[in-house]
Amino acid sequence: MVYMMLIMNVVGAMWMNVFLLLLCTKQAGVVVGPTLLSRIRRVEDFFIQASSAEYYMFFSFLCRMLFMFSIGLETDIPYLKRNIRVVSIVAGGGIILASICAVPLLWLLIKVFTVTKSRFPFYLLIFTVLANSASPVVIRMIAESKFDNADLGRLAIYSSLISEMSCVAFVATLTACSSTIRLVGAIIATLVTVLLIFLNNYLPFFFNKRNRHNRFLTNSELFLIIFILLAISLLVESAGYTAITCCFLAGLMFPREGKTCRTLLHKLTYAVNTFVLPVYFGYTGFQFNISKIFNKLTLILTVLIILLSAGTKIVATLAACYYLKIPRNESLILSFLLNMKGNYDLIIINSPPVPKMLWENDIHDLFLSVVVLKTLILAPVVAIWLNRGEFCAHYPTTLEILNPESELRMLACAYIPRHVSGYLSLISALSGCPNATLNPYVAHLVELPKKKKSKLMYHQLEDGDQYSDDEEYGGNDVVQITNALDSFISETKIPAHEAKIVSSFLTINQDVCNGAVDLRVSIIVLPFHKHQRVDGKMENSMEGIRTINQKVIRHAPCSVGIFLDRGQTGFQQPHGSLSVQNIATFFFGGPDDREALACSKRILMHSQVSLTVFRFIQANSSIQNSWISDASHKDEEVVMAISSIGTENEMDNVFVDTFCNRYVAQGKASLIEKYVSDGAETLVALRGILDNMYSLVIVGKGGRANSSLTIGMSDWEECPELGLVGDLLASSEMNFNGSLLVIQQHRHSEEDEALIPP
């Protein structure tokens with residue numbers, strides 16, 4: 001038996017990673033169950049004993065409660081609020097059409113099985129099988145494909161959640177209205193759910209204060225939270241209702257700030273993904289018996305219901321997406337994703353919404369076969385589709401093409417706590433627009449020691465310790481960074497996410513780039529390898545940071561910013577500040593400067609920020625023409641240079657004009673033009689500008705390559721990764737005490753262009 005399960009998992013591993021867990025665990029369950037191995041007498045006696053059904057049902061209940069609570073914890077509430085209309089239309093279309101199509105199917109099955117009693121619960125069963133989308137299955141498939149941060153992936157996740165919760169609420173409401181006893185049970189279930197949410201709103205604050213010097217809660221405190229969750233869930237189940245909604249709402253309403261939520265996510269994510277979901281999906285397949293559908297009538301009904309269920313969901317989803325103007329290819333993959341079954345369907349099949357009632361064996365086996373077979377058939381199709389590049393493309397990768405009022409995803413990398421304070425100020429400024437959502441990730445980069453410490457057995461760990469060396473890396477810096485983020489989230493209510501990357505400095509740049517792709521961020525922010533001392537001089541912070549920055553800049557999958565924080569004299573957090581901070585943006589022209597100006601658009605929306613854009617313009621065009629003539633002795637190259645510069649000039653003019661019409665004309669920002677002829681005049685102009693008190697300067701790394709505006713400035717260049725102007729502003733000789741953000745725009749390759757959605 002063990003060898004057989006291993007063979008099935010090896011075969012499943014040959015499939016794509018998307019449905020690896022889902023398909024293989026269900027296959028393993030099918031193999032062990034009555035379909036194959038349990039036909040052997042000894043295997044059947046081992047797995048199917050007199051009291052095994054009760055054990056399996058209770059363990060299934062525990063798994064279901066844990067992963068529904070985990071789903072609630074991981075729900076992106078800001079995204080759900082912004083897109084509740086879209087999500088509701090997509091989910092509601094399938095529910096409405098399913099409620100209609102369930103009527104003729106009910107009539108047919110009543111005739112076939114001669115159902116004389118409990119026709120209303122029978123309708124609820126048919127409706128659930130047609131309308132429900134199993135959110136755990138959808139979430140797992142999308143997470144395995146690293147598709148959960150894409151717009152389409154999130155739409156599928158929350159549409160399936162709304163669909164499943166709506167089915168649960170619909171069935172529970174109709175069941176509660178069927179009798180007085182059921183109504184009393186519904187009231188009890190509602191009251192205990194409210195009690196659970198109330199307790200969850202107060203316990204975390206108590207635990208956070210108690211563990212203010214630790215990163216995680218102790219195991220006993222964690223057990224208390226889980227115990228309360230399961231105890232109240234059992235009360236809801238004993239009242240005759242499923243506790244799916246109760247646990248999901250408890251996780252959804254759980255306070256996100258502090259160590260309690262972090263500990264729950266850390267513990268539950270690993271347990272759910274590696275143990276709970278595989279066992280639960282395996283149990284789903286274990287219940288399936290393929291011999292039950294060999295009957296000709298049952299086989300015809302199984303195929304009919306699968307086709308009707310899939311067709312109903314596909315037609316309804318396509319119609320909703322057509323109304324919402326979602327592209328056709330995305331609509332189709334969304335409709336297939338929402339066809340996944342396996343959560344609430346199994347509950348209503350095994351436990352009808354009527355006390356002391358069980359479905360007849362033929363009805364039970366028919367619908368169980370429909371649920372299992374439908375998921376096993378559609379999972380490979382969805383997996384192949386999700387692995388196509390057009391759905392997995394990392395987009396958008398620049399700020400220039402991003403709407404200033406759309407969601408911005410950024411990854412800020414920190415090595416020590418000092419880096420985090422500057423990042424939090426920058427994150428605070430970027431979140432000033434109420435209509436534009438900021439989704440920041442702060443990653444703690446930790447160097448992997450050459451010699452790992454000795455392993456301890458699990459029982460040798462102190463209470464609250466983690467069974468992983470990775471959790472110990474970073475020392476006290478981890479706690480300081482965590483406390484800084486907790487305080488920031490508590491004060492500003494900005495949902496900043498914490499991450500840790502433990503790797504060798506030789507390969508940590510690859511982990512940063514891979515993380516940027518997985519999180520689909522538009523910009524990576526790196527710390528400058530120097531920091532300012534008390535006497536104003538610049539000093540190296542850590543060995544290797546500069547090399548890592550250079551590697552990330554060279555291979556980054558999106559735009560990159562290098563941030564130099566000058567502490568108390570630099571940029572401060574705008575949230576809660578009574579004074580307005582002055583910010584300057586230098587625009588010389590070119591893609592990097594357009595990216596810097598695009599970043600400035602986000603910052604100027606904050607009420608405590610005043611932005612001034614300085615545009616440097618060539619004073620004498622003859623100097624530019626002479627530079628072009630000296631650039632090459634070949635006529636073809638001269639023509640190409642002139643054409644390239646002309647195109648860049650046109651793009652710069654359009655971008656600046658759009659900025660002026662939208663922001664300068666409305667008094668949200670100021671634009672000052674500086675006419676200079678060469679690098680010397682540019683340097684004089686920069687010194688004059690910096691005499692004013694600017695707490696932050698934003699500039700593009702490259703400007704326009706070999707521009708006559710910066711001729712001669714490269715003679716004293718020390719840090720090429722900052723560009724000519726950025727390197728000048730970072731030096732101690734400029735006597736500039738403000739913070740500095742240097743941005744490089746991501747250059748799209750031909751492959752990237754082909755994958756960018758229209």
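The one condition from (1) of a type outside the set (S, T, N, Q); (2) surrounded by 20 or more Cβ atoms within 10 Å (Cβ to Cβ); (3) in the same structural domain as T658 (by TED's automatic domain parsing) that C433 does not meet is (2).
Do we have V236 as more than 27 Å from the chain's Cα centre (by Cα) and either of a type in the set (G, A, S) or surrounded by fewer than 18 Cβ atoms within 10 Å (Cβ to Cβ) (or both) here? No.
Any residue in region 726-735 that is part of a loop (DSSP other than H, G, I, E, B) and modelled with pLDDT under 90?
Here is the first cut: in region 726-735, the residues part of a loop (DSSP other than H, G, I, E, B) are 731, 735.
Checking the rest, the ones that are also modelled with pLDDT under 90 come to 731, 735.
Yes, some residue in region 726-735 is part of a loop (DSSP other than H, G, I, E, B) and modelled with pLDDT under 90.
Pairs meeting the criteria (first residue in region 585-602 and within 15 Å of L724 (Cα to Cα), second residue among the acidic types (D, E) and buried (at least 24 other Cβ atoms within 10 Å of the Cβ), beta carbons under 7 Å, at least 6 apart or on different chains) are F587/D593. In region 421-431, the count of residues that are touching a Lys or Arg at 6+ places or on another chain (Cβ under 7 Å) and modelled with pLDDT of 85 or more is one or more. If I filter region 193-223 down to residues being among the basic types (K, R) and touching a residue at least 12 places away in the same chain (Cβ under 8 Å), which single residue comes out as surrounded by the fewest Cβ atoms within 10 Å (Cβ to Cβ)? Per the stated criteria, the residue is R212.
Can you pull out the strands (runs of 3 or more DSSP E) entirely within region 524-577 that have at least 1 residues that are surrounded by 20 or more Cβ atoms within 10 Å (Cβ to Cβ) and within 29 Å of the chain's Cα centre (by Cα)?
On the way: elements: 530-532, 538-540, 559-564.
The qualifying strands (runs of 3 or more DSSP E) are 559-564.
Residue count for region 411-447 satisfying the condition of being of a type in the set (V, I, T), farther than 18 Å from S739 by Cβ and in a strand (DSSP E or B): 1.
One line per residue, one yes/no per condition, for (1) over 23 Å from the mean Cα position of the chain (by Cα); (2) among the charged types (D, E, K, R):
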| site | (1), (2) |
| --- | --- |
| N211 | yes, no |
| Y241 | yes, no |
| R256 | no, yes |
| T274 | no, no |
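Assuming N509 fulfils every condition listed in (1) part of a strand (DSSP E or B); (2) within 25 Å of L740 (Cβ to Cβ) apart from one, which condition is it? Of the numbered conditions (1) part of a strand (DSSP E or B); (2) within 25 Å of L740 (Cβ to Cβ), the odd one out for N509 is (1). Hey, any hits in region 105-115 for a residue that's of a type outside the set (G, A, S) and under 30 Å from T397 (Cβ atoms)? Checked region 105-115: no residue is of a type outside the set (G, A, S) and under 30 Å from T397 (Cβ atoms). Within region 605-635, the set of residues being at pLDDT 90 or above and surrounded by 21 or more Cβ atoms within 10 Å (Cβ to Cβ) comprises V609, L611, V613, F616. The selection criterion, being hydroxyl-bearing (S, T, Y) and closer than 18 Å to F127 by Cβ, holds for T175. For region 184-192, the condition of being of a type in the set (S, T, Y), farther than 21 Å from V129 by Cα and without any contact (Cβ under 8 Å) to a residue 24 or more places away in the chain holds for at least one residue.
The values are calculated or read from the model by the stated rules, or taken from the named source; none is laboratory data. It should be emphasised that the depicted structure is a prediction, and the values quoted were computed from it without experimental measurement. Using ideal geometry, Cβ is built from the backbone for each residue, glycine included, and neighbour counts are taken over all protein chains shown.
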